[in-house]
Number of protein chains: 2
Amino acid sequence: MTPDIRAQLQALGNDLTPEMLGGTQALMASMSRGMAAATKVTRDIAYGPDARHRLDIFTRDGLSGAPVFVFVHGGGFVMGDKHTEGSPFYSNMGDFAARHGFVGVTITYRLAPANRFPSGPDDLALVMNWLRANIATHGGDPARIVLSGQSAGATHVAGYLAHRRDHASGTAGAVLMSGIYDTRTAAPNPFAEAYYGPDPRGWGVASTLAGLLASEVPIQFSVAEFDPDDFHQQAAQVVSQWQAAKGRFPEMHFLTGHNHLSPALSIGSDIREVERMVAGFVRRVTG
Amino acid sequence: MTPDIRAQLQALGNDLTPEMLGGTQALMASMSRGMAAATKVTRDIAYGPDARHRLDIFTRDGLSGAPVFVFVHGGGFVMGDKHTEGSPFYSNMGDFAARHGFVGVTITYRLAPANRFPSGPDDLALVMNWLRANIATHGGDPARIVLSGQSAGATHVAGYLAHRRDHASGTAGAVLMSGIYDTRTAAPNPFAEAYYGPDPRGWGVASTLAGLLASEVPIQFSVAEFDPDDFHQQAAQVVSQWQAAKGRFPEMHFLTGHNHLSPALSIGSDIREVERMVAGFVRRVTG
């Protein structure tokens, strides 16, 4: 990342204000290279009965038995989409996968407050069911699926690994960017209340940290330099409890110069470090 | 890093065995590009009265008022050198600095068991005295000095920041790779006993963690995937106590595919991520 881009992201602040969210989207969209011509997209395949049970698939001609890279968007449990007309996000994540020789999948899922925990893990189980049954016909290897998510998307992927552990067994890997993992120590806020319920005393059951520590699925975590404090606290807690339980530092990457949104948005731009980090992990756990 | 190099490093194991140390040096030396023709070296300048009080300076024609990058080698407090005839290490660190437009400095320091704590912090104070008085004549800016170190070298730099805090004030930044910071929780071993003394109950005074937390000097930490357990424990402890004290995750980089030695040895090879990380930090804190 250039010092100029870093300064622009830093100037937007760490807090998830409308100015920070909109400013980051606009800045990163201005740098996106857009989708590669060779990438083929099939949109809005239903993986379940809800209108939000939809996925997009990104492939290239000739792909067969390729690793599968799934991206789960963020949005505070209550909003967000896999694709917005006129925006490069998050088709950039599917295109990234196709450019690296993987099959890319971006998904939407049911939203809070209409849907509460464990709707996220349940929807990911539906996604995995669909992929295991169908992704081979799109060039993907159902035995080599990597799940990735950002913010609420990371929390949902973590929830699937932790609370649907048997179902998740055999997932090749997980990329968790700026998520909340331990609901017992997470700072209450209206977004978490919408998904976990109004009383934080009831959130403990949704915590994913013990389940992540027990999971056999390889995990690449990351936290951004300009993430809000709560995400830094969560990342530090993951490091501390992981080392205490396993005697080793987890794969927790500190993303210098990035804020809460920019890591995923940087993929497909000239800011290459997150793309290298994620592609390297996918190759490592599916190689 | 390519999967092949990663596999070779992983096969050497995490422990600091002669096979791992020698194998890593040989592998990384085979990939070194060697010193750039434009880099000019002045060797063995005395910065103090001891025979080990020596430094090498790496510059390029035309450098003036440039940031200064100092590298302090590791070697378990009892061995190691800034330069070994026929080896690219650690002139690669000085050349790195010069290639990026900085003045590079590599140093040797007094060794244990003849010299014990606080000989490391004391020697770094002598280095800083010399640099503040003399580095301008070599093209460097005495107000923009970044100290870096690996293993025992990182511990010595940390000791200088923590135990010579007033003297260290104004240091532009510190790059600490795979160091031991809290002697109260470090696993006793013959190398630490040689430097801190035979009885670990007396080591607490040498701990740098409280002093690092109190220091105003920006710090870039890193830990390697294949570091021994004790270095993972130390890194996790830095993360945990830093977050508890400051509310923020420290700049702690997890170096995928690297072992205890390879990060510094990779600088000047085609394995670029550590070079990018360190150069980015130096530019950031001296910009």
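Just a few scattered comments:
- Distance between the C-alpha centres of segment A:217-287 and segment A:74-93: 20 Å, rounded to the whole angstrom.
- Shape analysis of segment B:3-286 places it in the rounded category; the axes a ≥ b ≥ c from the Cα gyration tensor give an a/c below 1.5.
- Peptide-level mean, for A:214-221, of C-beta atoms on other protein chains within 10 Å: 0
- In order along segment A:205-213, phi translates into HN-Hα couplings of 4, 8, 4, 9, 5, 4, x, 5, 5 Hz, rounded to whole numbers, per the Karplus curve 6.51 cos²θ - 1.76 cosθ + 1.60 with θ = phi - 60° and x for Gly and Pro.
- Distances, shortest first, from the label point of residue A:31 to those at the same position in the other copies read 2.6 nm; the point lies 7 Å along Cα to C-beta.
- Of all DSSP beta bridges in chain B, antiparallel share, percent nearest 5: 25
- Across segment B:1-160, C-alpha contacts under 8 Å between residues 6 or more apart give a mean separation that, scaled by the residue count, equals a relative contact order of 26 percent.
- In the A-B interface, the accessible area buried, summed over both sides, Å² (probe 1.4 Å): 2100
- Accessible surface, per residue, of segment B:98-194 when the full set of protein chains is kept, probe 1.4 Å, Å²: 32
- Backbone N within segment B:168-209 under 15 Å of label point (7 Å from residue B:51 Cα along the Cβ vector): none
- Take the Cβ atoms of residue B:61 and residue A:132, set R0 to 60 Å, and the FRET efficiency comes out at 0.45.
- Cα gyration tensor category, rounded, prolate or oblate, for segment A:6-156 with a/c compared to 1.5: oblate
- Ordering of B:128-139, A:30-41 by packing [mean C-beta count within 10 Å, highest first]: B:128-139, A:30-41
- Contour excess over end-to-end distance, with Cα ends at residue A:8 and residue A:216 and 0.36 nm allotted per residue: 71.0 nm
- Between residue B:185 and residue A:201, the simple spin-label model (points 7 angstrom out along Cα→Cβ) gives 3.3 nm.
- Centre separation in Å (Cα based) which lies between segment B:14-35 and segment A:129-186: 37
- The protein assembly as shown - Kirkwood radius from inverse mean 1/r over Cα pairs (Å): 24.8
- Ascending distances from the residue A:113 label point to its copies in the other chains, with the point 7 Å along the Cα-to-beta-carbon line: 6.9 nm.
- Of the residues A:239, A:175, A:157, the one that moves most in a GNM of chain A with alpha-carbon contacts below 10 Å is A:239.
- For the protein assembly as shown, the share of accessible area belonging to carbon and sulfur comes to 53 percent (1.4 Å probe, ligands and nucleic acids excluded).
- Qualifying lysines (Cα of each under 27 Å from Cα of residue A:246; at least 8 residues distant if same chain): B:246
- Sequence-distant aspartates and glutamates (8 or more away, or on other chains) whose Cα lies within less than 19 Å of residue A:40: A:56, A:61, A:85, A:95, A:141
- Across chain A, the mean sequence separation of Cα contacts (distance under 8 Å, 6 or more residues apart), normalised by length, yields a relative contact order of 21 percent.
- Cα-projected label distance for residue B:276 with residue A:167, points at 7 Å along beta-carbon direction, nm: 3.7
The values are calculated or read from the model by the stated rules, or taken from the named source; none is laboratory data. Everything numeric in this text was worked out from a predicted model, so none of it was measured. In this analysis, Cβ positions are derived from the backbone assuming ideal geometry, glycine residues included, and neighbour counts consider all displayed protein chains. For accessibility, only protein heavy atoms count, side chains too; no ligands or nucleic acids. Shrake-Rupley method; radii C 1.70, N 1.55, O 1.52, S 1.80 Å.
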